[in-house]
Amino acid sequence: MRAAWYDRQGPAADVLQVGELPDPEVGPGEVRVRLSRSGISPGDTKKRRGWLGSTMPYPRVVPHSDGAGVVDRVGDGVDPGLVGRRAWVHGAQSYRPSGTAAELVVVPEALVVVLPDGVSDDLAACLGIPGVTAHRAVFADGPVAGRTVLVHGALGAVGSLAAQLALHAGATVVGTVRKAADLADLPASLREHTLSLDVDDPVAAVRERAPEGVDRVVEVAFSDNVDLDAAVLRLGGVIAAYATREDRPGFPFWPMLFANLTIRLLGSDDFPAEAKRQAAEDLTAAAAAGALTIRTADPLPLADVAAAHDQVDRDNRRRVLLDPTA
């Protein structure tokens with residue numbers, strides 16, 4: 001099969017290679033998917049460049065955890081009726097050396113989700129890391145129907161999906177973007193629910209949308225927004241944070257203590273298995289219902305994997321995809 005890989009960490013153009021590797025074979029409980037799309041997330045590029053001092057977990061890494069395609073082989077103990085079904089995969093390169101930057105990928109059956117008719121491969125390949133993270137951020141502390149959820153970074157991969165999932169589940173959503181000019185880039189379904197943080201008084205702006213405060217916050221920039229979050233959360237509220245600009249952020253301890261607030265930190269590779277299963281089920285259902293919109297760039301051929309990684313690292317506002325067949 002054709003694949004992209006790296007055997008040392010560093011800049012994309014220096015370490016990523018494209019060529020032929022042996023076709024992977026399925027073992028018991030495993031599924032092989034012939035991929036049409038490989039979705040790239042910032043976590044994939046961070047692993048490649050050794051972010052936070054990480055090292056090579058395997059001698060060779062075929063990157064990317066997310067993808068979509070067609071099941072072409074299954075191992076012992078797996079329903080043979082899966083063969084020929086369209087599917088999306090998640091977590092392919094989590095604790096495994098070979099991800100979706102290839103024509104074929106083998107993963108445990110639990111990481112393969114049958115794809116309903118009407119859901120495109122482009123959309124499906126974007127549901128993995130950002131979608132599962134978004135789902136956990138919104139629902140880890142219970143249902144949100146009738147509650148108010150503040151979603152920072154509503155233009156980002158996780159934030160956009162979190163806002164759309166919360167709306168689909170019956171929540172009142174208040175989204176944020178950094179500046180007013182960003183509002184035009186939001187999916188149409190989110191524009192009326194979103195405000196910009198470049199106003200004179202962001203707390204007042206959120207309170208105008210949520211006079212009684214918010215129940216949960218989905219947080220992409222904990223160090224930047226924690227004072228705002230503390231000021232708008234109701235008693236017993238939750239901040240679910242999956243990123244921060246400063247790695248040792250401070251926060252207003254006593255006001256947050258007396259409000260009985262919870263800080264939930266989200267590392268997607270190690271979510272409980274049942275949480276991942278439920279997220280995959282709910283994401284697929286929401287996509288089938290037409291409740292999810294994801295902006296994607298035109299898929300790049302596998303040979304352009306280095307350019308694709310650089311595009312992700314430039315914080316592109318469209319999800320970046322590879323076409324392993326091109």
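None of the figures in this text is laboratory data; all of them are computed from the coordinates on show. Computed from a predicted structure; not experimentally measured. Neighbour counts are summed over all protein chains in view; Cβ atoms, including those assigned to glycine, are modelled from backbone coordinates with ideal geometry.
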Cut-off under 5 Å, modelled amide H: who pairs with R319 long-range: R295, T296, A297
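Taking a ≥ b ≥ c as the square roots of the Cα gyration tensor eigenvalues, with a/c under 1.5 meaning rounded and otherwise prolate when a/b beats b/c, else oblate, which class fits the range 130-269?
Numbers: a/c = 1.26, a/b = 1.15, b/c = 1.10.
The shape class here is rounded.
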The long-range amide H neighbours of V151, using H built 1.01 Å from N in the peptide plane and a cut-off of under 5 Å, are V174, G175, T176, V218
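Rounded if a/c is under 1.5, else prolate if a/b beats b/c, else oblate: with a ≥ b ≥ c from the C-alpha gyration tensor eigenvalues square-rooted, which is the range 64-129? Intermediate values should be presented prior to the final figure.
Details: a/c = 1.77, a/b = 1.03, b/c = 1.72.
Since a/c reaches 1.5 but b/c is at least a/b, the shape of the range 64-129 is classed as oblate.
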Work out from phi, with θ = phi - 60° and the Karplus expression 6.51 cos²θ - 1.76 cosθ + 1.60, the ³J(HN,Hα) of each residue of the range 296-306, listed in order in whole Hz, and give x for Gly and Pro. 10, 7, 4, x, 9, x, 3, 4, 9, 4, 5
In Å, the Kirkwood hydrodynamic radius of the chain over pairs of distinct alpha carbons? 20.3 Å
Counting other beta carbons within 10 Å of each residue's own, what order do D117, D182, D269, D298 fall into, fewest first? D117, D298, D269, D182
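Suppose only helical runs count, i.e. DSSP H with n ≥ 4. What mean residue ellipticity at 222 nm does that imply for the chain under -39500 (n - 2.57) per run, divided by all residues and rounded to the nearest 500 deg cm²/dmol? Mind showing how you got there, number by number?
Working: 11 runs with 93 residues, N = 326.
-8000 deg cm²/dmol, from helical runs alone.
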Using the Karplus curve 6.51 cos²θ - 1.76 cosθ + 1.60 with θ = phi - 60°, what ³J(HN,Hα) values do you get for each residue of the range 233-247, in whole Hz, with x for Gly and Pro? 6, 6, 3, x, x, 10, 9, 9, 10, 10, 6, 8, 7, 9, 7
Just need the relative contact order of the range 234-326 here, percent rounded to a whole number, with Cα pairs under 8 Å and 6+ apart. 24 percent
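Let me spell out the model: positive unit charges on the Cβ of Lys and Arg, negative unit charges on the Cβ of Asp and Glu, origin at the Cα centre of the chain. What dipole size does that give, in debye rounded to 20?
120 debye
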Roughly what would the spin-label model give for A289 and R245, points 7 Å off Cα along C-beta, in nm? 3.5 nm
Residue among F251, L228, V173 farthest towards the positive dipole end of the range 130-269, charges placed on Cβ: V173
Karplus ³J(HN,Hα) for the range 109-117 (6.51 cos²θ - 1.76 cosθ + 1.60, θ = phi - 60°; Hz, whole; x = Gly/Pro) runs 3, 4, 9, 10, 10, 4, 9, x, 4
If each of A307 and A181 carries a label point 7 Å out from its Cα toward its Cβ, how far apart are those two points in nm? 2.6 nm
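How do the peptides 271-280, 72-81 rank, highest first, by the average count of neighbouring beta carbon atoms within 10 Å per residue?
Working: 271-280: 16.2, 72-81: 13.9.
With the highest mean Cβ count within 10 Å placed first, the list reads 271-280, 72-81.
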Considering the dipole of the range 130-269 built from charges on the beta carbon (Lys and Arg +1, Asp and Glu -1) around the Cα centre, which of L261, V199, P143 is farthest to its positive end? P143
Run down the aspartates and glutamates and flag those whose C-alpha is under 20 Å from the C-alpha of K46, throwing out any fewer than 8 positions away in its chain. D7, D14, D66, E219, E246, D247, D269, D270, D304, D310, D313, D315
Once R0 is set to 30 Å, what does the formula 1/(1 + (r/R0)^6) return for the Cβ-Cβ distance between F253 and S54, expressed as a FRET efficiency to the nearest 0.05? 0.45
When the chain is modelled as a GNM with alpha-carbon springs shorter than 10 Å, which of A137, A285, A188 fluctuates the most? A188
Where the only charges are on Cβ atoms (+1 Lys, Arg; -1 Asp, Glu), what is the dipole of the range 45-170 about its Cα centre, to the nearest 20 debye? 580 debye
Classify the range 31-176 as rounded, prolate or oblate from the Cα gyration tensor: take a ≥ b ≥ c as the square roots of its eigenvalues, call it rounded if a/c is under 1.5, otherwise prolate when a/b beats b/c and oblate if not. oblate
Here, trypsin sites (Lys or Arg not before Pro) of the range 155-223 satisfying both criteria (DSSP loop; at most 15 other Cβ within 10 Å) are R178, K179
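Give the percent of DSSP beta bridges with both residues in the chain that are antiparallel, rounded to the nearest 5.
The answer is about 55 percent antiparallel.
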Can you give me the long-range amide H partners of R37? Hydrogens built in the peptide plane at 1.01 Å from N, cutoff under 5 Å, separation of 5 or more residues or another chain. A68
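In debye, nearest 20: dipole of the range 130-269 around its Cα centre with unit charges on the Cβ of K, R (+) and D, E (-)?
Numbers: 12 positive and 17 negative charges, 66 e Å.
Rounded to the nearest 20 debye, it is 320 debye.
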Restrict the search to the range 43-140; then list the chymotrypsin sites (Phe, Trp or Tyr not before Pro) that DSSP places in a loop and that have at most 12 other Cβ atoms within 10 Å of their Cβ. Y95
